[in-house]
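Every read-out reported here was derived from the displayed coordinates using simple, explicitly stated rules and does not represent laboratory data. None of these values were measured; they are calculated from a predicted model. Cβ: placed from backbone, ideal geometry, glycine included. Neighbour counts: every protein chain shown.
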Amino acid sequence: MAEGPAATALDEVTWDLSHLLDAELADGGTEDEEAVGALLDAADERASAFAKHHEGNVAELDGPGLREAMTELAAISELAGRAANFAHLRFAADTETPANGALVQMVSERATAIQTKLLFFELEWVEVDDDRAEDLLAADGMEFAAHYLRMERRYRPHLLSKPEETISTELSVTGRGAWTRLFDELTSAIRVDLDGAEEAQPLDVALSNLFDPDREQRRRTAEAVTAALQPGLRTRAYVFNTLLHDKAVKDRLRRYPHWLASRNLSNEASDESVQALVEAVKGRYGLARRWYETKARLLGLDRLADYDRMAAVTEDDVEIPWEQGRELVLDSFGSFSEQAGDVARRFFEERWIDAPPTPSKRGGAFSASTVPSVHPYVMLNYTGRRRDVLTLAHELGHGLHQTLAREQGVFHQDTPLTVAETASVFAEEIVFGRLLADFDDPGSRLGLLAEAVEGQIATVFRQVAMNQFEDRVHTARRGEGELPVERIGELWHETQEELLGESVEITDGYRTWWSYVPHFIGSPGYVYAYAYGQLLALSVYKLYTEQGDEMVPSYLELLAAGGSRSPEELGRIVGVDLTDPGFWDSGLALVEGQVGQAVAAAEAVIAERRTS
């Protein structure tokens with residue numbers, strides 16, 4: 001087994017955000033705000049000088065001049081990015097301390113002011129003649145920014161005038177950004193009163209009880225969650241309505257033909273390819289229903305309720321302590337690639353992870369790429385479930401991708417969302433294989449297979465169902481005006497029922513569970529990228545199972561390329577053709593195989609019960 005870092009208790013696994021700040025100023029106390037301010041001061045000063053030198057002259061730049069300008073923009077972005085990431089990560093770890101929220105607001109305001117000074121560059125760049133632009137992008141030394149600049153030109157039909165863009169940027173701080181922060185604070189403050197708990201629990205901790213094998217416990221948990229969502233429901237619905245209308249106005253002013261068009265453009269995905277994905281997944285909704293019908297029989301039920309979907313199907317509700325989960329993930333990464341193992345180990349040894357669930361912490365998990373000059377940070381809410389080990393693998397997969405792509409620089413480190421899930425899902429598959437190999441008895445294997453299938457359902461089918469919810473709620477808001485809570489719940493119920501059919505009873509309480517999903521608020525249109533990325537990653541993983549170690553170098557090359565190429569070009573590095581009309585069906589066939597494997601294991605257990 002790969003040698004891991006020294007043992008660390010879960011509550012001690014907190015990140016060190018000082019890496020983002022000037023070491024001479026950062027002290028973990030009030031001087032952190034001064035260090036953030038110093039970064040923003042430097043960015044602001046350089047932005048002013050940049051604007052003074054280049055505004056009105058972008059069309060006159062030659063190749064070396066454009067390279068110099070982009071190098072300076074990268075440096076400014078690094079400075080502002082370090083400040084912004086520090087503020088947002090500190091807030092994510094503790095949303096209740098007023099100073100953390102105040103710092104986020106200050107950084108947002110100042111970063112917006114810096115961005116406003118630099119708006120001219122994009123507006124002038126997209127107006128450069130196409131032939132001349134291509135000549136400039138082909139100049140020596142432009143590789144670090146060429147794809148980014150080429151993609152920016154696609155926004156030409158949707159850009160406003162400079163005064164209009166300035167107003168839009170300035171008002172974003174008190175517009176979408178402010179509403180999104182409010183939603184995060186509201187959901188982070190939700191506490192659930194669970195039977196037997198000494199005090200009310202954070203929402204993420206409460207939701208983990210839906211994995212409990214005891215149905216009565218699951219039912220009570222679901223009722224408690226619904227009750228906890230009720231007090232602030234109308235406020236969250238008002239936030240949602242406001243942002244739905246905000247997007248409608250911006251889409252109209254920027255001449256986007258439909259609500260998802262801007263997201264597709266940023267994902268470098270055509271409307272047609274996204275629609276093909278959605279229709280292909282909807283056409284296989286029966287796979288989810290097949291599993292849920294089988295699961296009902298496993299649990300001795302006529303039909304599942306919504307709170308039964310994630311229930312453990314066996315009594316071996318395995319708990320995996322932090323130390324064991326960490327070592328398993330590190331060993332899996334290291335066995336796949338020594339380089340991958342070394343990168344993953346740094347997250348633990350150098351305090352790039354914040355793992356324990358705490359009352360004031362943001363829910364869920366993520367990996368923040370931050371800026372190329374620093375490193376990514378991973379946030380978890382680790383509760384010791386088997387699923388948490390796969391979440392750790394998932395986020396470290398992101399972290400591996402982001403770390404390897406740092407060499408691409410600030411313009412190309414991040415990939416479109418449609419490719420961003422490749423490394424995370426791939427890592428999950430590797431760790432899942434290790435977990436499955438470690439469990440010999442049929443019950444444990446069935447439990448793990450069930451969790452894997454339910455993960456596929458959640459990432460592929462459920463995300464497309466949520467895309468359909470977004471589609472209908474955006475359309476309804478534009479046609480009907482402000483939507484009552486009941487109408488939003490109706491659309492949520494409707495799109496969930498289309499996925500689940502008769503296989504799962506959707507309770508009345510579940511109609512409000514849309515109201516804690518952050519993607520609907522902060523990243524409209526985001527969710528389909530999970531299905532896109534999952535199916536892409538499964539195809540890449542299938543190639544790995546066929547080719548073994550021979551494929552590892554090309555896979556790491558894919559990750560190291562970051563966003564320096566289009567998704568289609570990135571796919572070709574590992575032999576995947578994203579332009580093939582049958583690509584989605586190929587990925588879904590892999591999901592179907594996993595469902596079949598889990599159903600077969602379940603049928604064997606059911607048959608054994610009948611004969612015993």
| note | Per-residue ellipticity at 222 nm attributable to helices in the chain (runs of n ≥ 4 DSSP H, -39500 (n - 2.57) apiece, nearest 500 deg cm²/dmol) works out to -20000 deg cm²/dmol
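Using 1/(1 + (r/R0)^6) with R0 = 51 angstrom and r between the beta carbons of Thr71 and Glu497, what's the FRET efficiency to the nearest 0.05?
For R0 = 51 Å, the calculated efficiency reads 0.45.
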| query | Taking only Cα atoms, what is the 0 to 90° angle, nearest 10, from helix 233-253's long axis to the longest principal axis of the chain? | reply | 40
| Roughly how tilted is helix 63-93, in degrees to the nearest 10 and between 0 and 90, from the longest Cα axis of the chain? | 40
| query | How would you rank Ser161, Ser539, Ser18, going from fewest to most other Cβ atoms within 10 Å of each one's own Cβ? | reply | Ser161, Ser18, Ser539
| task | Give, to the nearest whole percent, the P(r) tail of region 15-174 beyond 27 angstrom, counting all Cα pairs. | result | 33
| task | Multiply the residue separation of Asp135 and Glu490 by 0.36 nm, subtract the distance between their alpha-carbon atoms, and state the gained length in nm to one decimal. | result | 122.5 nm
| request: Pull out the extension gain between Gln597 and Glu109, defined as 0.36 nm times the separation in residues minus the alpha carbon to alpha carbon distance; nm, one decimal. | output: 170.4 nm
| task | Using only the Cα atoms of region 287-409, construct the convex hull and provide its projected area averaged over every direction, in square nanometres to one decimal. | result | 10.1
| task | Could you tell me how many degrees, from 0 to 90 and to the nearest 10, lie between the Cα long axis of helix 528-547 and the main elongation axis, the longest principal axis, of the Cα atoms of the chain? | result | 70
| What pairs in Lys52/Lys247; Lys117/Lys361; Lys247/Lys282 have C-alpha atoms more than 31 Å from each other? | Lys52/Lys247; Lys117/Lys361
| For the modelled label position 7 Å from the Cα of Glu12 along Cα-to-Cβ, which residues of region 292-329 have backbone nitrogen atoms closer than 18 Å? | 321-327
| query | If each of Ser168 and Glu480 carries a label point 7 Å out from its Cα toward its Cβ, how far apart are those two points in nm? | reply | 2.8
| request: Taking 7 Å along the Cα-to-C-beta vector as the label spot, tell me the Thr242-Glu569 distance in nanometres, rounded to one decimal. | output: 4.1
| query | Around Arg406, with a cut-off of 13 angstrom between Cβ atoms, what is the net charge of the other residues, counting Lys and Arg +1 and Asp and Glu -1? | reply | -2
| query | What spacing in nm lies between the two simple spin-label points modelled at Arg219 and Glu31, each 7 Å away from Cα in the Cβ direction? | reply | 5.9
| query | What FRET efficiency, computed as 1/(1 + (r/R0)^6) with R0 = 35 Å and r the Cβ-Cβ distance, is obtained for Ala276 and Thr97, rounded to the nearest 0.05? | reply | 0.15
| Order of Asp131, Asp214 under a 10 Å beta carbon neighbour criterion, fewest first | Asp131, Asp214
| remark: Rounded to the nearest 0.05, FRET efficiency between Ser335 and Asp577 (Cβ-Cβ, R0 25 Å) equals 0.30
| remark: Full extension between Glu127 and Glu546 adds, at 0.36 nm per residue less the Cα distance, a length in nm of 146.1 nm
